[in-house]
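Below is one structure; the comments refer to it alone.
Read-outs: derived from the displayed coordinates by stated rules, not from any lab. None of the values given here were measured: they were computed from a predicted structure. Here the Cβ is made from the backbone with ideal geometry for all residues, glycine too, and neighbour counts use every protein chain on show.
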Amino acid sequence: MDLVIAVLFQLIYVISNLALISLGLAIIFGMMRVINLAHGEFLMLGGYTVVVATNAGINIWVSMLILAPLVVGIIGVIVERLLIRWLYGRMVDTLLATWGLSLLLVGIVTSIFGASTGTTVSPPLGVVRIGDYSASGYELFLILITIVLLFSVWLTLRFTKLGLLARGTMQNAEMASSLGVSTSRIYMITFGLGAAVSGLAGGLLAPMTGVLPTIGATYIAKAFITVISGGSAILAGTTAGSVLLGGINGIFSFIAGSTFGEIALLLAAIVLLRLMPRGITGRFFRKSL
Amino acid sequence: MTFSRRSFLAGSSALALSSAPIIGRAQGSDKIIFASILDLSGGLDIYGAPMAETTKMAIDDINAAGGLLGREVELKLYDAQSTIQFYTQYATQAAAGDRAHTVHAGITSASREAIRPTLARFKTLYFYNTQYEGGVCDFNTFCTGSTPAQTVAKVVPYAMNKWGKKVYIVAADYNYGQITAQWMQRFVKENGGETLDVEFFPLDVTNFGPTINKIQTAKPDFVISALVGGAHVSFYRQYAAAGMNKEIPIASTTFGVGNEQTLISAEEGDGIIASYSYFEGADNPTNTEFLSRLEARLGAGRPVMNELAVRSYEGAMLWAEAVKLAGTPDRDPVIEALRSGLTYNGPSGAVTVDAQTNHCNMNVYIGDLKDQKWNIVESYEAQPPADTQLVCDLVANPDQSTFLFENGLAAAGIE
């Protein structure tokens, strides 16, 4: 029984982990149609923000929950103003531009911090006991905060004026513009928010995975697979994609080891996209956000 | 690494001035060429950067002592950028273009196997200064790093005596991890223990939750790891976050060669044990003197020395001794000099070439991690590369250039 609960806990953690690393990309790619290959580097920058801030003596919770999204959000706005805003509607060009951006960010961080970085931020919560098993309390916290994050993105999109304007602009920019919406500003804010969510995710994961200039590469493929499998509805899609792919990955990792876990995840995504080329929300929950 | 352009210019111009008389004597083309190919950028630079520093130091030391045979040694250092294709390209460049007298290169086993045939074809003497899984049997190649019979065979019984007989193995999913895991299972069995499970991980896995559950289910006496690279460092973090480091201890054959102990906090790393042929605490005057010169050279922010970095220095010095003994930098006499059982007394102690395998006899240490520093708890003198000796005999049959463990131990005829 303890084992079942412990495994279930891990399964939920794998799922929420996938949702956490994908949510920022869902906003930037799923909603704005910008293929952001620098998504992994946004996560990495969030991690570095936490490491630098805690080394400077700032409380770890403040660094993770406030500074990481703030810093990466600002970087996102700068990137949008300098690079992305010239490229809306040109998906292949955004791919090339953000790939270049990703290489640039890795290069800059490497030259500042070196190739390997001492990450002496430990997960700031103790151990949770499940009978004979133990799990990290911080993992439980990450599960909860992922749920909170999904919920607040939903609230923002559904009930705020900004959410309404953003959704309208993404659906039909010309119509929104003729109704008096400054679409350029909306694009900038949305991109910045997407980057901030990525930064938050990167900051939250730093104590669990450590930071390296190249750590983004380990996230980027999974994030894209999750968002594409999820389909056009960003929240329902990301959640459904994470539950399906994370669940399969977690179960197979436990039964047959990590290698098979990764294979099962990729295989599931291929089969899914063959059957539903527009992702899960292209067929189910179409009306959702 | 703190290294400004200004200090680099100042340092290198001073060097140029001080070495001017030697250049005059050496008359340009008369130099002996020493090529080195290492990963100085990309994912593997945690290993490559310190190796490059000690290689540079070795060449400077040789030249400061008047060069070799009255000739200056010139270092050609190439950055393979953690990309195998660059290894092949630069190996060709070093052998055919630079006409290097020796090439010291490679970190991963994959990079070694990419360039070994190239250097054999060009008849260019090759040194591989990295700890690895054993099994290279090549007349032209000298493997100076430790192999499983030297380190794994020591750490497994040590850990079993200390903690118990039930072992759980976690390893990286490529030839180093796979073959090392086979050695671990063999040594566990030889010492009367039991391997509960073996698990392999692709190099980009960062979530070890399911494995930690499995370890809790299996209840081993200890975990032994051959995990590799930056992403895998998360295993030690997550293991500690689940409180496991207090319950089931870890031994490792890889933790430390990338200075991983400085990447995680002291509480997360305390109590991990590992075995290498060098730790900074190696108690001999050469080592003390080596470390203080390194610090004078690179400042207090110098990289922590590990087996890979120190063996890169010792490998270069071993080659230099062979050139002196042979009286020429040409390949065949130098190989003969090395295979005469040549010894170099370096920071790790005596390193002696074993003519049967072109590997080295070396001291081996077991270290216990405390506050991000290794304390040597056991040392073994002059350990032979017994694994490769089982299958390789270059004295009886010198005309060999193979990697015998390519398809695992069973395929090499080891039970």
Of the trypsin sites (Lys or Arg not before Pro) in segment B:175-273, those whose Cβ has at most 15 other Cβ within 10 Å and which sit in DSSP loop: none
Rg [Å, one decimal], Dmax [Å, integer] - segment B:211-292, C-alpha atoms: 14.6, 49
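From the square roots a ≥ b ≥ c of the eigenvalues of the alpha-carbon gyration tensor of segment A:58-166, which class results: rounded (a/c under 1.5), prolate (a/b over b/c), or oblate? Before the final figure, lay out each step's value.
Working: a/c = 2.40, a/b = 1.35, b/c = 1.78.
The shape class here is oblate.
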Chain B, helix-only ellipticity at 222 nm - DSSP H runs n ≥ 4, -39,500 (n - 2.57), divided by all residues, nearest 500: -12000 deg cm²/dmol
Placed amide H near B:Lys76: partners under 5 Å, 5+ positions off or other chain: B:Phe34, B:Ala35, B:Ser36
DSSP beta bridges in the protein assembly as shown [antiparallel fraction, %, rounded to 5]: 45
Length-normalised contact order of chain B in % [C-alpha pairs under 8 Å, at least 6 apart]: 18
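Which helices, taking whole DSSP H runs in chain A, have alpha carbons extending 20 angstrom or more along the helix axis plus mean Kyte-Doolittle at least 0.5?
What comes out of the filter, once short or polar helices are dropped, is A:2-25, A:39-55, A:68-82, A:91-113, A:137-159, A:183-209, A:216-230, A:234-256, A:258-275.
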Shape category assigned to segment A:174-289 from the gyration tensor of Cα positions, a/c cut at 1.5: oblate
Three-way shape call for chain A based on the alpha-carbon gyration tensor, with the a/c threshold at 1.5: oblate
Local net charge near A:Gly89, Cβ-Cβ under 13 Å (Lys/Arg +1, Asp/Glu -1): +1
Angle in degrees between helix B:109-121 and the longest Cα principal axis of chain B, rounded to the nearest 10: 30
In degrees, nearest ten, helix B:175-190 long axis to first principal axis of chain B (Cα): 60
Residue order, fewest to most surrounding Cβ atoms within 10 angstrom, among A:Ser134, B:Ser292: B:Ser292, A:Ser134
Share antiparallel - DSSP beta bridges, chain B, percent rounded to 5: 40
Degrees, to the nearest 10: B:45-64 long Cα axis against longest axis of chain B: 30
Alpha-carbon Rg with Dmax, taken over segment B:152-276, Å: 13.0, 35
